[in-house]
Amino acid sequence: MSAKEQFVPLNVAVLTVSDSRTLENDTSGEFLVEALTNAGHRLHERKLLRDDRYAIRAQVAAWIADTNVHGVLITGGTGFTGRDSTPEAVLPLLDKEMPGFGELFRTISFEEIGTSSLQSRAFAGLSNRTFVFALPGSTSACRTAWDKLLCAQLDARTGPCNLVGLIPRLGEI
């Protein structure tokens, strides 16, 4: 088996953004933790914050500054209400956006929830060699993102290419 065919466990942080949930009833964050650990990745840290753009930005910035963190999964705060501020908090931190993630997520979501998918501001990108994914707050949306996009792209065995294979080259200039 070549190195490209071997699973590479990543260290992943999970952030739930919610004004109404607690760690005890956060089914979306819990799903993401279970999904990533069941896939063989390691949970670096899990946090739950109120929808405050500066607190969100500070937490994500701390994780992307930590060279031990390969990825950050954020659930919540991606809608259109007045309090939804995850994109405003995190997009300024990104070195590169990954437009295909949001596009594919909304396309897949359209098959599940119809035109309601246009309200999603899900996005992804790269910051300081760390992958950042912002997902809607519903557990169903997190399941869709994990099962149909993230699980494969965070697995070095996925061909013809995957995000894990890019890690050694993320610091190139």
Query raised in the report: How many of the residues making up the range 95-125 are under 13 Å from the mean Cα position of the chain (by Cα) and either crowded, with 18+ Cβ neighbours inside 10 Å or in a helix (DSSP H, G or I) (or both)?
Result: 9
Query raised in the report: Between a first residue in the range 4-26 that is part of a loop (DSSP other than H, G, I, E, B) and a second residue that is of a type in the set (G, A, S), which pairs have beta carbons less than 6 Å apart while being 6 or more apart in sequence or on different chains?
Result: F7/G40; V8/A156; P9/G40; L10/G71; S18/G76
Query raised in the report: Restricting attention to the range 68-94, which residues are in contact with a strand residue (DSSP E or B) (Cβ under 9 Å, 6 or more places away or on another chain), assigned to a loop (DSSP other than H, G, I, E, B) and more than 14 Å from T16 (Cα to Cα)?
Result: N68, V69, H70, L94
Query raised in the report: Among the residues of the range 2-18 satisfying the criterion of being among the aliphatic types (A, V, I, L, M) and modelled with pLDDT of 95 or more, which is surrounded by the most Cβ atoms within 10 Å (Cβ to Cβ)?
Result: V17
Report summary line: By residue number, the members of the range 19-40 that are modelled with pLDDT of 95 or more and either touching a Gly at 6+ places or on another chain (Cβ under 8 Å) or among the acidic types (D, E) (or both) are D26, S28, E30, E34
**Report entry** First in the range 95-121 and within 13 Å of T144 (Cβ to Cβ), second anywhere and among the β-branched types (V, I, T) and loosely packed, with under 14 Cβ neighbours inside 10 Å, Cβ under 9 Å, 6 or more apart
**Finding:** S117/T107
Query - the range 37-57, residues that are of a type outside the set (D, E, K, R) and loosely packed, with under 13 Cβ neighbours inside 10 Å - result: N38, G40, Y54
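The values are calculated or read from the model by the stated rules, or taken from the named source; none is laboratory data. Treat the numbers as computed from the prediction; the structure is a model and nothing was measured. Glycine gets a Cβ as well: all are built from the backbone with ideal geometry, and neighbour counts include every protein chain shown.
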